[in-house]
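Contents: one structure, followed by commentary.
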Amino acid sequence: MYSTPTLATRFARNTRVMRGDQPLSEDQMRAAAPSIFAEGKHASRSERYTYIPTIDVLRGLRKEGFEPFMVAQGASRVEGKAEFTKHMIRMRHAGQVQTRPEANEIILINSHDGASSYQMLAGMFRFVCCNGLVVGEVVDDIRIPHKGNIQGEVIEGAFRVLDEFEAVNEHTEAMKALQLQPPEEIAFATAALALRFGERGVEETGGHKPAPVTAEQLIEARRPEDIGHSLWTTFQRVQENVIRGGQPGRSAQGRRLQTRPVGSIDRGVSLNRALWMLAEEMRKLKG
């Protein structure tokens with residue numbers, strides 16, 4: 001039995017996302033991310049471009065015990081290109097014994113239009129809030145260009161990432177054990193604001209445009225499970241508020257607004273990784 005998956009638009013209004021409590025079937029994945037099933041490369045690609053069939057890779061990984069729990073696909077404004085666009089799959093391995101509130105995941109990113117190499121990243125899924133984290137520098141990325149014979153390399157890469165999750169778990173437990181003082185929580189959130197909104201530009205008056213929300217807002221908890229002062233709970237609150245948006249704020253002109261969710265697959269991955277690395281640096285400073 002499959003539970004009913006949630007079809008949402010967490011990344012952007014034109015990005016389709018499907019997540020399930022149980023492994024997704026191919027029919028479910030096809031409904032949200034048809035480019036996973038593309039039977040060839042886009043016409044714009046040259047003969048040197050090796051088509052990597054995502055669905056064949058996925059089926060091969062399934063035989064090795066990996067199951068998909070989330071898929072996403074970006075849109076395209078170019079006519080006829082939507083079936084070849086960048087897509088993302090988050091997978092878990094059946095051999096993992098889930099005794100923790102988080103699950104280790106392997107994140108696959110691919111496209112058939114030249115927008116992306118084949119990538120494998122380490123991730124973590126937090127059940128209580130459905131947050132999908134992306135691990136920073138603990139596990140090396142695996143990037144496979146669209147050239148030559150790569151099927152075996154892709155399968156081997158997935159197991160390499162799986163083998164390195166022990167280090168990810170160690171870092172996670174260290175963050176949970178580390179308590180932050182209120183000023184340190186604000187410092188973490190302030191750095192996250194800069195990652196999310198950056199330098200907002202210079203107005204004609206010469207001053208910088210403020211971020212639409214404050215550091216204090218980023219450390220607000222959305223649920224009782226996130227209340228606490230550990231580095232991990234602080235990280236989780238900030239990550240969710242930054243990625244999902246929905247917080248009341250004000251524009252540079254003083255107009256009331258709500259912060260938006262992060263607007264693309266690429267931006268979501270890069271921002272998630274940057275926040276993980278920020279948490280790692282805080283852990284090192286406090287350790």
Check: Take the residues of the range 250-287 that are polar (S, T, N, Q) and surrounded by fewer than 13 Cβ atoms within 10 Å (Cβ to Cβ): which is nearest to Phe235 (Cα to Cα)?
Finding: Gln258
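Condition check ((1) under 24 Å from Gly249 (Cβ atoms); (2) outside any helix (DSSP H, G or I); (3) at pLDDT 90 or above) across all residues:
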position	(1), (2), (3)
Pro183	yes, no, yes
Ala187	yes, no, yes
Leu195	yes, no, yes
Pro210	yes, yes, no
Val213	yes, yes, yes
Glu220	yes, yes, yes
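Looking at this structure, is Arg200 basic (Lys, Arg), open to solvent by 20 Å² or more (accessible area, probe 1.4 Å) and modelled with pLDDT of 85 or more? Steps first, please.
Working: basic (Lys, Arg): yes; open to solvent by 20 Å² or more (accessible area, probe 1.4 Å): yes; modelled with pLDDT of 85 or more: no.
No; evaluated as a whole, the condition is false for this residue.
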Next item on the list: Could you tell me whether any residue of the range 53-61 is buried (at least 17 other Cβ atoms within 10 Å of the Cβ), under 18 Å from the mean Cα position of the chain (by Cα), modelled with pLDDT of 80 or more and not aromatic (Phe, Trp, Tyr)?
Entry: no
Notebook entry, point to check: Are there any pairs, at least 6 apart or on different chains, whose C-beta atoms fall under 8 Å, with the first in the range 32-59 and under 17 Å from Gln73 (Cα atoms) and the second assigned to a helix (DSSP H, G or I) and charged (D, E, K, R), and if so, which?
Noted result: Pro34/Glu83; Ser35/Glu83; Ile36/Arg30; Phe37/Glu26; Phe37/Arg30; Ala38/Glu83; Ile55/Glu26
Note to self: Return the residues of the range 15-29 that are surrounded by fewer than 16 Cβ atoms within 10 Å (Cβ to Cβ) and either on the phi > 0 side of the Ramachandran plot or in a helix (DSSP H, G or I) (or both); say none if nothing qualifies.
What the structure shows: Glu26, Asp27
Next item on the list: Filter the range 211-249 for residues that are over 30 Å from Lys284 (Cβ atoms) and surrounded by 14 or more Cβ atoms within 10 Å (Cβ to Cβ) and give the result.
Entry: Pro212, Gly249
Margin query: Yes or no: the range 229-245 includes at least one residue that is within 22 Å of Arg90 (Cβ to Cβ), over 15 Å from the mean Cα position of the chain (by Cα) and outside the structural domain of Glu105 (by the TED database).
Written below: yes
Notebook entry, point to check: Of the numbered conditions (1) more than 18 Å from the chain's Cα centre (by Cα); (2) open to solvent by 10 Å² or more (accessible area, probe 1.4 Å), Phe69 satisfies every one except a single condition; which is it?
Noted result: (1)
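Those residues that are of a type in the set (D, E, K, R) and assigned to a loop (DSSP other than H, G, I, E, B), I need them from the range 30-54; list them, please.
Within the range 30-54, the first condition is being of a type in the set (D, E, K, R), and the residues that meet it are 30, 39, 41, 45, 47-48.
Within the range 30-54, Glu39, Lys41, Arg45, Glu47, Arg48 meet the criteria.
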Next item on the list: Only residues that are part of a helix (DSSP H, G or I), hydrophobic (A, V, I, L, M, F, W, C) and farther than 20 Å from Thr15 by Cβ: list them for the range 55-76, please.
Entry: Val57, Leu61
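The values are calculated or read from the model by the stated rules, or taken from the named source; none is laboratory data. Please read all numbers here as calculations on a predicted model, not as lab measurements. When we count neighbours, we look across all protein chains shown, and the Cβ atoms used for this are built from the backbone with ideal geometry, even at glycine. The accessibility values were calculated without ligands, DNA or RNA, using every heavy atom of the protein model including side chains. Shrake-Rupley method; radii C 1.70, N 1.55, O 1.52, S 1.80 Å.
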